[in-house]
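Taking it in order: structure first as structure tokens, then the write-up.
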Amino acid sequence: MAELVSEINRRRTFAIISHPDAGKTTLTEKLLLYGGAIALAGSVKGKKTDRHAVSDWMEIEKQRGISVTSSVMQFEYEGFCINILDTPGHQDFSEDTYRTLMAVDSAVMVIDAAKGVENQTRKLFKVCVMRHIPIFTFINKLDRDAKNSFDLLSQIEDELGISTCPMNWAIGSGVDFKGIYDRERKKVITYSANGGQHEVDSTELDIDDPNLKSVIGEINYNQLMEDIELLDGASDEYDAERVAKGELSPVFFGSALNNFGVEPFLEGFLKMTSPPLPRNSDKGTVNPTDDYFSAFVFKIQANMNKAHRDRLTFMRICSGKFSRDMEVCHVQGGMKKMRLSQPQQMMAQEREIIDEAYAGDIIGVFDPGIFSIGDTVCSPGHELRFDGIPTFAPEHFARIRHKDTMKRKQFVKGATQIAQEGAVQIFREPDTGMEEVIVGVVGMLQFDVFEHRMRTEYGVELISESLPYQYIRWIDMDDGGVDPKKLNLSSDTRIVEDFHGNPLLLFTSEWNIRWALEKNEGLKLKEFSRN
Ligand code: G4P
């Protein structure tokens, strides 16, 4: 038991989020360098998976092994065992990010100091807030001309609605970037540009060191003194409880590319962030140190190796210890007993089969096609279900069927498996079979990927017809609800069912949503569902 507790307590599991190009990959890479998980910068591949056009995606898709191994990484640093989860930056894959955030205990938000809060930052941030997870901020690229640091903080506070507490402070930016000031230790860590891609030289000086003025220059010195006074008087103080609730974000400054400010960030972050947190289930709270194994599925990646048609399912362990060959039950599979096949963890580019893992860790297992996103796996005798992972409302819809009637079986299999992965959502009109389904996606790129995968992985050509719906709402059946068959709806509103048999309505406009609510007393609609 003591071993279980100490193993769990040294674990930290977090995701890095950012608008594309803010420096997420670069920061991840530097963190891995500190952990000794990789030997050379430039080894974290697959970062462009989520960018730009479909062609890019397809190209990368061929190297799926690489992009996946970079999506969950574990490394050791000063006694901590750290799990970093990567998230795609392209907004068409933001659902994937939403799910990843369900598996972590905190998030690191990387912000480009010249750009401040960007579109995708806002979207991702909203999900963090929904989960109330602690958010740490790394303001990056100080070696380039940056916005004023106070303005950046105000923007984060105003636009994202979270308070900030700077743990350190940037001294100048761009060619005039001189370093950072560590507020707690009252020390300046100086930066000397070397124009290169390598770690820069840095030295530490006390804030009252008589040489400081000449090292950072008089203008910067005066500015720093003024800033410190303002900060000490006006900024929020560090408050662990508020950080834990996601109300206050500790902020760090640096330049990931130059590996400057990364180590202070890592050390501060590890001190402030918590070990694996408890999770909710239908049987109450599950604590990480509970003595039975439990985990939930948050990501499924299919057909990584075409020759084997394999599917890798990623689980977050929520309690206890996992050992290879132990017997577990798949709750949503009718408590079926099984052994998880080839459990593995990722170390930068390498996957390795593991013998054991603990609460907080992420493991990947081979899956013959039985798991769905949100499923629970646990030790026999501990039947419980973790709170479902929210499914977000798709915004684009198409009706699809197979071109070749001989391919019916492959069509059903492909559509079902890709939907289980959560890569697209599939809806059915009541009383119809799987011959024809409605596919819903959050981003258009997901359609292209779906068609491509159906063709290459399942050998099915699709006929698709885009549909005019833009809004989807789940009918809330929590307290019985209203009978979907008896609803009075406008002619261009359609009733469908999701993968789990829940009823939904497809609307072409917000006006139609209001119409449906007005004409049907007791009708309650939800924007997302939990499976
Ligand atoms: P992302 O994962 O958030 O999309 O960002 P990524 O790390 O790929 O960084 C985006 C670009 O910003 C990269 O340049 C990267 O080198 C640069 N960058 C990251 N951190 C810093 C920093 O601290 N200072 C400066 N000046 N640049 C930084 P790129 O030219 O798009 O890609 P690459 O050719 O360097 O790979």
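The values are calculated or read from the model by the stated rules, or taken from the named source; none is laboratory data. If you're wondering where the values come from, they're calculated on a predicted model, not measured in any experiment. As a convention, Cβ positions derive from the backbone with ideal geometry for all residues, glycine included, and neighbour counts pool all protein chains shown. Quick note on the areas: whole protein, heavy atoms, side chains included, nothing else; ligands and nucleic acids left out. Shrake-Rupley method; radii C 1.70, N 1.55, O 1.52, S 1.80 Å.
Is at least one residue of the range 124-131 over 18 Å from Glu263 (Cα atoms), part of a loop (DSSP other than H, G, I, E, B) and of a type in the set (A, V, I, L, M, F, W, C)? Before you say what the answer is, go through the steps one by one.
To start, the set of residues in the range 124-131 that are over 18 Å from Glu263 (Cα atoms) comprises 124-131.
Then keep just the ones that are part of a loop (DSSP other than H, G, I, E, B); that gives none.
Within the range 124-131, none of the residues are over 18 Å from Glu263 (Cα atoms), part of a loop (DSSP other than H, G, I, E, B) and of a type in the set (A, V, I, L, M, F, W, C).
Residue check, Ile362 against (1) crowded, with 17+ Cβ neighbours inside 10 Å; (2) under 28 Å from Met454 (Cα atoms); (3) of a type in the set (Val, Ile, Thr), all met but one. Which one?
(2)
Check off (1) out of contact with any helix residue (DSSP H, G or I) (no Cβ under 6 Å at 6 or more places or on another chain); (2) closer than 15 Å to Arg401 by Cα; (3) surrounded by 12 or more Cβ atoms within 10 Å (Cβ to Cβ) for Tyr458 and give me the number that stays unchecked.
Failing condition for Tyr458: (1).
Only one of (1) more than 14 Å from the ligand (Cβ to nearest atom); (2) not in a helix (DSSP H, G or I) is not met by Ser154, so which one is it?
Only one criterion in (1) more than 14 Å from the ligand (Cβ to nearest atom); (2) not in a helix (DSSP H, G or I) is unmet by Ser154, namely (2).
Residues that are of a type outside the set (A, V, I, L, M, F, W, C) and under 22 Å from Phe14 (Cβ atoms): list the strands (runs of 3 or more DSSP E) wholly contained in the range 319-397 that include at least 3 such residues.
Values: elements: 321-323, 327-330, 336-339, 341-347, 350-353, 356-358, 362-366, 376-378.
Result: 341-347, 350-353.
I need every pair where a residue in the range 285-298 that is within 7 Å of Gly320 (Cα to Cα) has its Cβ under 6 Å from the Cβ of a residue that is open to solvent by 40 Å² or more (accessible area, probe 1.4 Å), sequence separation at least 6 or different chains.
Between residues of the range 285-298 that are within 7 Å of Gly320 (Cα to Cα) and residues that are open to solvent by 40 Å² or more (accessible area, probe 1.4 Å), the close pairs are Thr289/Val5; Tyr292/His382.
Name the pairs: first residue in the range 15-27 and within 12 Å of Thr97 (Cβ to Cβ), second residue open to solvent by 30 Å² or more (accessible area, probe 1.4 Å) and in a helix (DSSP H, G or I), Cβ to Cβ under 6 Å, at least 6 apart or on different chains?
Between residues of the range 15-27 that are within 12 Å of Thr97 (Cβ to Cβ) and residues that are open to solvent by 30 Å² or more (accessible area, probe 1.4 Å) and in a helix (DSSP H, G or I), there is no close pair.
With the requirement that a residue be farther than 23 Å from Glu157 by Cα and open to solvent by 30 Å² or more (accessible area, probe 1.4 Å), what does the range 208-244 give you? Give the steps one after another, and end with the answer.
Filtering the range 208-244 down to residues farther than 23 Å from Glu157 by Cα leaves 208-222, 225.
Answer for the range 208-244, where residues must be farther than 23 Å from Glu157 by Cα and open to solvent by 30 Å² or more (accessible area, probe 1.4 Å): Asp208, Asp209, Pro210, Asn211, Lys213, Ser214, Val215, Glu218, Ile219, Tyr221, Asn222, Met225.
For the structure I just gave you, tell me whether Gly320 is crowded, with 18+ Cβ neighbours inside 10 Å, in contact with a Phe, Trp or Tyr (Cβ under 7 Å, 6 or more places away or on another chain) and farther than 30 Å from Met338 by Cβ. It would help to see each step written out before you state the result.
Values: crowded, with 18+ Cβ neighbours inside 10 Å: yes; in contact with a Phe, Trp or Tyr (Cβ under 7 Å, 6 or more places away or on another chain): yes; farther than 30 Å from Met338 by Cβ: no.
Criteria not met by Gly320.
Which of the residues spanning the range 128-144 are of a type in the set (A, V, I, L, M), more than 11 Å from the ligand (Cβ to nearest atom) and open to solvent by less than 10 Å² (accessible area, probe 1.4 Å)?
As a first pass, look at the range 128-144 and keep what is of a type in the set (A, V, I, L, M): 129-130, 133, 135, 139, 142.
This time we only want the ones that are more than 11 Å from the ligand (Cβ to nearest atom), so: 129-130, 133, 135.
Within the range 128-144, Ile133, Ile135 qualify.
In the range 395-450, how many are farther than 22 Å from Thr313 by Cα, touching a residue at least 60 places away in the same chain (Cβ under 8 Å) and charged (D, E, K, R)?
So the answer is 7.
Residue-by-condition table, conditions (1) within 28 Å of the chain's Cα centre (by Cα); (2) of a type outside the set (Asp, Glu); (3) modelled with pLDDT under 85; (4) part of a loop (DSSP other than H, G, I, E, B):
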| position | (1), (2), (3), (4) |
| --- | --- |
| Gly481 | no, yes, yes, yes |
| Asp492 | no, no, no, yes |
| Ile495 | no, yes, no, no |
| Asn512 | no, yes, no, no |
| Leu517 | no, yes, no, no |
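Does Leu257 count as touching a residue at least 12 places away in the same chain (Cβ under 8 Å), within 16 Å of the ligand (Cβ to nearest atom), hydrophobic (A, V, I, L, M, F, W, C) and over 15 Å from Thr190 (Cα atoms)?
On the way: touching a residue at least 12 places away in the same chain (Cβ under 8 Å): yes; within 16 Å of the ligand (Cβ to nearest atom): yes; hydrophobic (A, V, I, L, M, F, W, C): yes; over 15 Å from Thr190 (Cα atoms): yes.
For Leu257, the condition - touching a residue at least 12 places away in the same chain (Cβ under 8 Å), within 16 Å of the ligand (Cβ to nearest atom), hydrophobic (A, V, I, L, M, F, W, C) and over 15 Å from Thr190 (Cα atoms) - is met.
Given Asp151, Asp182, which one is of a type outside the set (S, T, N, Q), touching a Gly at 6+ places or on another chain (Cβ under 8 Å) and modelled with pLDDT of 95 or more?
Matching residue, one of Asp151, Asp182: Asp151.
I'd like the full set of residues that are surrounded by fewer than 22 Cβ atoms within 10 Å (Cβ to Cβ) and either part of a helix (DSSP H, G or I) or hydrophobic (A, V, I, L, M, F, W, C) (or both), limited to the range 401-416. Show your work before the answer.
First pass over the range 401-416, keeping only residues surrounded by fewer than 22 Cβ atoms within 10 Å (Cβ to Cβ): 401, 403-410, 412-413, 416.
Across the range 401-416, the qualifying residues are Thr405, Met406, Lys407, Arg408, Lys409, Gln410, Val412, Lys413, Thr416.
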